[in-house]
Amino acid sequence: GNSVTQMEGPVTLSEEAFLTINCTYTATGYPSLFWYVQYPGEGLQLLLKATKADDKGSNKGFEATYRKETTSFHLEKGSVQVSDSAVYFCALIPSGSARQLTFGSGTQLTVLP
Amino acid sequence: GAGVSQTPSNKVTEKGKYVELRCDPISGHTALYWYRQSLGQGPEFLIYFQGTGAADDSGLPNDRFFAVRPEGSVSTLKIQRTERGDSAMYLCASSTSQEREQFFGPGTRLTVL
């Protein structure tokens, strides 16, 4: 079946540090890949996405590249801010007619001033 | 425009009772999804509607769970004979029929005492 494995948290960084949150997936074919973010007290928001191999999704300074050869979609940001503190979820939708998201377990990020 | 709304935001009930959770999707979105998120975990798929019909209900855990979308807009998730293990955040999302990006509501936190 389909699955997503995320780097376990929590992750604590100082402001302006470099962020990487690892994500690998198991799925047949070419799934669509997503990063969602959940800020404290808020609902899930789409952060970025990539729908085919070698695509790079980017938003708000975050980036992730769809790597088919390593089945990975690692999230990176060059300089984190306190406002980036949130829970980050990697997710996929399988190729074909399926529409449901399969999520990883989430990574809690805390950025300290 | 208005996003996905869910009511109530919080629901506390007693074991054995019946509950209904409501989701109002983004206007014009034909696809609607229900997920369940336990504390510290990623959301897990329950059911997906395309229009009025359930296109995929493979995530419903047992026959105590049922969902409807009679007019292709608002959906209600119904849980009979609630158990303490049903306590979780219930999330609703919607999308257009063409796009895979799903927009999430703020969720209903269900607590079964």
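At-a-glance table
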{"read-out": "J(HN,Hα) series, segment B:79-89, from Karplus relation 6.51 cos²θ - 1.76 cosθ + 1.60, nearest Hz, glycine and proline x", "value": "10, 9, 6, 4, 10, 4, x, 7, 4, 4, 8"}
{"read-out": "Restricting segment B:42-83 to GluC sites (Glu not before Pro) in coil, as DSSP defines it, with at most 14 other Cβ within 10 Å", "value": "B:GLU71, B:GLU83"}
{"read-out": "³J(HN,Hα) computed for each position of segment B:51-62 - Karplus, 6.51 cos²θ - 1.76 cosθ + 1.60, integer Hz, glycine/proline x", "value": "x, 8, x, 7, 6, 7, 10, 5, x, 5, x, 6"}
{"read-out": "Taking B:ASP57, B:ASP63 and counting other C-beta atoms within 10 Å, the order from fewest to most", "value": "B:ASP63, B:ASP57"}
{"read-out": "Summed residue charge, Cβ within 15 Å of A:GLY96's Cβ, Lys/Arg positive, Asp/Glu negative", "value": "+2"}
{"read-out": "Relative contact order of segment A:11-106, pairs being alpha-carbon contacts under 8 Å that are 6 or more residues apart, as %", "value": "34 percent"}
{"read-out": "Local electrostatic count at A:ILE21 - Lys and Arg +1, Asp and Glu -1, tallied over other residues with Cβ under 12 Å", "value": "-3"}
{"read-out": "Cleavage-rule hits (chymotrypsin sites (Phe, Trp or Tyr not before Pro)) in segment B:1-90: DSSP loop, at most 16 neighbouring Cβ within 10 angstrom", "value": "B:TYR18"}
{"read-out": "Amide H contacts under 5 Å for B:ALA67, placed H, 5+ residues apart", "value": "B:LYS78"}
{"read-out": "Cα centroid of segment B:77-113 to Cα centroid of segment A:1-31, whole Å", "value": "24 Å"}
{"read-out": "Nearby aspartates and glutamates by direct alpha-carbon distance to B:LYS15 (threshold 13 angstrom, same-chain neighbours under 8 apart not counted)", "value": "B:GLU83, B:ASP86"}
{"read-out": "Percentage relative contact order, chain B, counting C-alpha pairs under 8 Å, at least six apart", "value": "37 percent"}
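Bear in mind these aren't lab numbers, they're just calculated from the coordinates by the rules spelled out. Not measured: the values here are computed from a predicted model. Here Cβ is always computed from backbone atoms with ideal geometry, including for glycine, and neighbour counts include all displayed protein chains.
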